[in-house]
Amino acid sequence: MTETTASALLRQATGALAGCSDTPRLDAEMLLQGACDIDRTAFARDPDQLVNNEKEIVFAGLLARRCSGEPIAYILGRKEFWSLELSLNEATLVPRPETEILVQAVLDAVPANAAIDIVDLGTGSGAIALALARERPLARITATDISARALEQAIQNAAHLGLSVRFCQDDWFAALTGKRFDIIVSNPPYVRENDPALECGPARFEPARALFAGTDGLSCLRQICAGAMEHLKPAGMLALEHGHDQQTMLATLLSAAGLESIVHFDDHAGLARVTTARKPASIRK
Ligand SMILES: C[S@@+](CC[C@H](N)C(=O)[O-])C[C@H]1O[C@@H](n2cnc3c(N)ncnc32)[C@H](O)[C@@H]1O
């Protein structure tokens, strides 16, 4: 069998991906690295290096998956978030750029050397908890998820990054009885069940349990808001990511739960995607 060159593979893949990806060349480069261990630097040094048949077959398999719409992060099993390289499995959501707005909102509220208690509910790959652990090394961070498989991945990511987070399997606050935190942070599922927008997008490859939250998309946000007062210290903060059209309903849920000082944070498109609120300092129980 004749061997092909890296440049030929890259050219063919970029062409094949032109109709199904906004970033065909970048995707092709990432697949070349994933399948053939040829990164940009190695490619630039020798674009016509030969790729053996075994690697070419692996490359073709990854390319077919990408052409079917599967996110590159699942194909390669990794995604960068907050400059942390996170591994993913079939139970973890691909961390999104807007979740970095949530991390920033928490960091803005926590002084650099604060030894405070933080819990990340629904941690998935560990993205939020691990970003906070990297930025606030003195904070005592707990991270929970209902999915044992997601937690396995988060634990592995923490070990790989050398970051200290306490993980526990939990259904929102069920295993946190009697525990109080300075900050509760969560990017919970908030998509309406049967949302037609998701039927053909990349989200169809993601775990349903990480996305869907009842017919109005609010069932998880509702449970978290309802449990927040009992698990926040006085003046503690709840920080939530949510859908672009859920800001008003969420503010109502937060107020109804007794939280105050509600602040919304916009994404780069000017849509409110993160909201914080505080437990009144006067409420000590
Ligand atoms: C939108 S994903 C967010 C994952 C991660 N925090 C991130 O931002 O990339 C929601 C996560 O909540 C978890 N989850 C769903 N229902 C839950 C529940 N009842 N209790 C705890 N976690 C839950 C899912 O398994 C999933 O990992």
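Surface analysis of the stretch 4-69 yields an accessible area of 54 Å² per residue, using protein heavy atoms and a 1.4 Å probe. Per residue, the stretch 91-278 exposes 42 Å² of solvent-accessible protein surface, assessed with a 1.4 angstrom probe and all protein chains in place.
GluC sites (Glu not before Pro) within the stretch 125-218: which are DSSP loop residues with at most 16 other Cβ atoms inside 10 Å?
Qualifying residues, ordered by number: E193, E199.
Couplings 3J(HN,Hα) for the stretch 175-181, derived from phi with the Karplus relation 6.51 cos²θ - 1.76 cosθ + 1.60 (θ = phi - 60°), are 9, 10, 3, x, 8, 10, 10 Hz, where x marks Gly and Pro. Toward the positive end of the charge dipole of the stretch 29-87, with +1 on the Cβ of Lys and Arg and -1 on the Cβ of Asp and Glu, the farthest Cα among I38, Y74, V58 is that of Y74. Annotation: amide H-H contacts under 5 Å for T4 (H modelled 1.01 Å from N, sequence separation of 5 or more, or interchain): V51. According to the Kirkwood relation over distinct C-alpha pairs, the hydrodynamic radius of the chain is 20.4 Å.
Pairs of Lys residues in the chain that lie 8 or more places apart, or on two chains, and have C-alpha atoms under 19 angstrom apart add up to 5.
The slack in the chain from T4 to R204, taken as 0.36 nm per residue of separation less the alpha-carbon distance, amounts to 68.6 nm.
For E85 and K285, the FRET efficiency from 1/(1 + (r/R0)^6), where r spans their Cβ atoms and R0 equals 41 Å, is about 0.45. Protein-only accessible surface at a 1.4 angstrom probe places the residues T92, T177 in the order T177, T92, largest first. Accessible surface of the chain, 1.4 Å probe: 52 percent of it comes from carbon and sulfur atoms. Principal-axis analysis of the Cα atoms of the chain puts helix 24-36 at an angle of about 80° to the longest axis.
The values are calculated or read from the model by the stated rules, or taken from the named source; none is laboratory data. This structure is a prediction, so every number in the text was calculated from the model and none was measured. Note that each Cβ is placed from the backbone with ideal geometry, even for glycine, and that neighbours are counted across all protein chains shown. Accessible surface areas use protein heavy atoms only, side chains included; no ligands, DNA or RNA. Shrake-Rupley method; radii C 1.70, N 1.55, O 1.52, S 1.80 Å.
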